Amino acid sequence: MGWGSKYTRPTPARQRWISFRAAEYDVILLDINMRESEGVPGRVREIRRSLPRLEILMLTVRDSEEDKIAALDAGADDYITKPFHIRELAARIRAAVRRSSSFHSDLTR
């Protein structure tokens, strides 16, 4: 993405969680498709419990009010529906990184 970003390619679920918890990220962008939708709130809650300061952005085709509320109530910080504009997505990621960076700099003061 050009602003010092690091991208981790999805792997099988077990390996993904092991590597995810060991890495340092400011933001996670969860690209959720229809098949995975049932476990989304639980997955978001698990991430939030493990990494409470991580910014969680959802990217999904699911656009119902109920899906949005469930994800946000579970701990997602933003919810973006497909189709989306890449420049808007990049701006939302930059905003999340700013929020995350602001939090981390407050910890070091």
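The values are calculated or read from the model by the stated rules, or taken from the named source; none is laboratory data. Quick caveat: nothing in here was measured; it's all calculated off a predicted structure. In this analysis, Cβ positions are derived from the backbone assuming ideal geometry, glycine residues included, and neighbour counts consider all displayed protein chains.
Some values worked out for this structure:
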read-out: All positions within the range 43-53 that are out of contact with any Gly (no Cβ under 8 Å at 6 or more places or on another chain), surrounded by 11 or more Cβ atoms within 10 Å (Cβ to Cβ) and either modelled with pLDDT of 90 or more or not in a loop (DSSP other than H, G, I, E, B) (or both); value: 43, 46, 50
read-out: Sole exception among (1) of a type in the set (A, V, I, L, M, F, W, C); (2) modelled with pLDDT of 85 or more; (3) farther than 22 Å from residue 100 by Cβ; (4) exposed (fewer than 11 other Cβ atoms within 10 Å of the Cβ) for residue 86, by number; value: (3)
read-out: Total residues in the range 59-85, condition part of a helix (DSSP H, G or I) and basic (Lys, Arg); value: 1
read-out: Test: residue 73 is surrounded by 13 or more Cβ atoms within 10 Å (Cβ to Cβ) and either more than 17 Å from residue 31 (Cβ to Cβ) or acidic (Asp, Glu) (or both); value: no
read-out: Among the residues listed as 97, 61, the single one being touching a Phe, Trp or Tyr at 6+ places or on another chain (Cβ under 9 Å), surrounded by 10 or more Cβ atoms within 10 Å (Cβ to Cβ) and at pLDDT 70 or above; value: 97
read-out: Filter result for residue 78 (at pLDDT 90 or above, of a type in the set (Asp, Glu) and within 12 Å of the chain's Cα centre (by Cα)); value: yes
read-out: Per-region count, the range 6-41, residues assigned to a helix (DSSP H, G or I) and at pLDDT below 85; value: 17
